[in-house]
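Below you'll find the structure, written out as C-alpha cells, and then a few comments.
Read-outs throughout are calculated quantities, based only on the coordinates presented, and are distinct from any laboratory measurement. It should be emphasised that the depicted structure is a prediction, and the values quoted were computed from it without experimental measurement. Glycine also receives a Cβ, built like all others from the backbone with ideal geometry; neighbour counts cover every protein chain displayed.
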C-alpha cells in the first residue's frame, strides 16, 4: 500500500498512566497533559490538526472534528518502562523479563571486575543524574583519570569521562568491555552508555558523542525481517544503538531534536532508497524529562510541532508517517525516572482514511502494520492497523 514508512519516536512523550502504572509507582502520571497544565497550555497546531487532542485532554490542544490523521494510543506489554524495551516492542519484540536495576549502585564484584579489566579505579557507583554527578565528581575525575560510573532508575551502566582526560576511543572501548565481559548474565543491563563531557569545574557540558551499547533483541524484529527481505532500513538518532545495530542498513547520528528533524526532513524530501525509516528524538527525555524541566519540555514540544509542518509538507503520495513514543517521563512528578504510560499514535498519509484507532494493547501493532504493508511474515505479537487506515474515504484533508 505504501512505498515508504516513516516511524517517528518522540522519546518519553507519554499520554497518560497505563492500566498497570500503579505497579510501577506511577499513578496519576501523564507527561503531555501534566506539562500542558503546568505551563498554562501548549501551542501545538500541527499535532492538533493531526488529532492529538482527540486522544486525551491536553490544555491548549483542541479536540477537532476533522483531523488529518488517524489517532489512538498504545499500552506496553513489556515489563518495565525502559527505552530499550519500548523500542523493541515497537519493533515487534516485547520483553517479559525486566532488565536489572541497581538503586544502591552496582555490586562490588561487578565494579571490581570492570576496574581490573580497564586498569583503572572508578568514581561514583551510585544512582545519580548526569549533570549532578559531573558537578560532584568531575573535578576529581580530571585530577585522577578515573572514569565515573553511575546508574539511574533505568537499567543502565553509564560511564562518564572528560574527552581530554579519557579519549573517546578509550571510553568506547571501556563500554564494550562492560557490555561484553562485565554486565552479563544476571547483570545484563539494558544499555551501557558512554557519557563524554568537556569543560572545566563548575562548567561541565555533556557532548553529542554519547554512544549506547544495547543488549541484542532476543528475537527478530520487523527491522531484521525487512533487511533480510532486501528492503532498506534507515535509523536516525540512537535507533541503531538501541537495536544493537541489527536490522539497520544505514544509520545517521544526530546531536539534538532540531538536528534529528533536519535530517528526517531531508531524507523524506530527497532519499529514494529507504523503505523504512525510524527516527528517535531524544531531547524530550534526556534534557527535560529526567531533569524535571517541564518548561523546557514544553518549549521542545512546541519547537518540534513547528518542524513537523515541514515534514508533513515533504511527505510523498506513497508515504506513511507514524508518530509515537517509547514510554513516558513526566517532569512534573517528584522523581526523575521514566513513567509507565500509554503512548500516542498518530498515523498520516495522503491516501489514508481517518480512523479512531482506539486503545491498542501493545506497541507491537506498529511492527505488525509495517510487516503487512511490505507483505512480510506475520509477527508473533501485534495487530496491524493497516486495514483500518486504508478502509473508507481517502484522506481529503491531506
Report, to two decimal places, the Cα Rg of the range 260-374 normalised by 2.2 N^0.38 Å (N = number of residues). 1.17
Two pseudo-spin positions, 7 Å from Cα along C-beta at residue 66 and at residue 207, lie apart in nanometres by 5.3 nm
Would you calculate the convex hull of the Cα atoms in the range 42-116 and tell me its volume per residue in Å³? 172 Å³
Global geometry of the range 197-352, whether rounded, prolate or oblate, following the gyration tensor of its Cα atoms and the 1.5 cut on a/c: prolate
Taking every alpha carbon pair in the range 1-92 and sorting the distances into 5 angstrom bins from 0 up to the bin holding the longest one, the percent per bin comes out as 3, 12, 19, 22, 19, 16, 8, 2, 0
With viscosity set to 1.306 mPa s at 10 °C, what whole-number translational diffusion coefficient in µm²/s follows for the range 1-52 from Stokes-Einstein and a Kirkwood radius over Cα pairs? 119 µm²/s
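Name the shape class, rounded, prolate or oblate, that the alpha-carbon gyration tensor gives for the range 108-213, where a ≥ b ≥ c are the square roots of its eigenvalues, rounded holds for a/c under 1.5, and otherwise prolate holds if a/b is larger than b/c and oblate otherwise. Mind showing how you got there, number by number?
Working: a/c = 1.59, a/b = 1.48, b/c = 1.07.
It comes out prolate by the Cα gyration axes.
Any chance you could run the full-extension gain for residue 176 through residue 228? It's 0.36 nm times the residue separation minus the Cα-Cα distance, nm to one decimal. Don't skip to the end; give the middle numbers.
Numbers: separation 52, 0.36 × 52 = 18.72 nm, distance 2.64 nm.
Residue separation times 0.36 nm, minus the Cα-Cα distance, leaves 16.1 nm.
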Once the Cα atoms of helix 257-270 and of the chain are each reduced to a long axis, what angle between those two axes, in degrees from 0 to 90 to the nearest 10, is obtained? 50 degrees
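Subtract the Cα-Cα distance of residue 129 and residue 97 from 0.36 nm times their separation in residues, and report this length gain in nm to one decimal.
Working: separation 32, 0.36 × 32 = 11.52 nm, distance 2.52 nm.
Full-extension gain reported as 9.0 nm.
Hey, what did the chain get for relative contact order, percent, Cα under 8 Å, at least 6 apart? Numbers along the way, then the final one.
Values: 941 pairs, mean separation 113.3, N = 398.
Result for the chain is 28 percent.
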Evaluate the distance, in nm, between pseudo-label points positioned 7 Å from the Cα of residue 313 and of residue 3 along their respective Cα→Cβ axes. 2.2 nm
Report, to the nearest 10°, how far helix 130-144 tilts away from the longest principal axis of the Cα atoms in the chain, using its own Cα long axis and a range of 0 to 90°. 30 degrees
Mind checking the angle between helix 108-118 and the chain's longest principal axis? C-alpha axes, 0 to 90 degrees, to the nearest 10. 80 degrees
For a footprinting-style exposure proxy, rank 241, 293, 212 by other Cβ within 10 Å, fewest first. 293, 212, 241
By count of other Cβ within 10 Å, fewest leading, how are 274, 208 ordered? 208, 274
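Taking square-rooted eigenvalues a ≥ b ≥ c of the alpha carbon gyration tensor, is the range 286-343 rounded, prolate or oblate, where a/c under 1.5 means rounded and, failing that, a/b exceeding b/c means prolate?
Numbers: a/c = 4.41, a/b = 1.93, b/c = 2.29.
It comes out oblate by the Cα gyration axes.
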Going by how many other Cβ atoms sit within 10 Å of their own, how do 258, 20, 275, 285 line up, fewest first? 20, 258, 275, 285
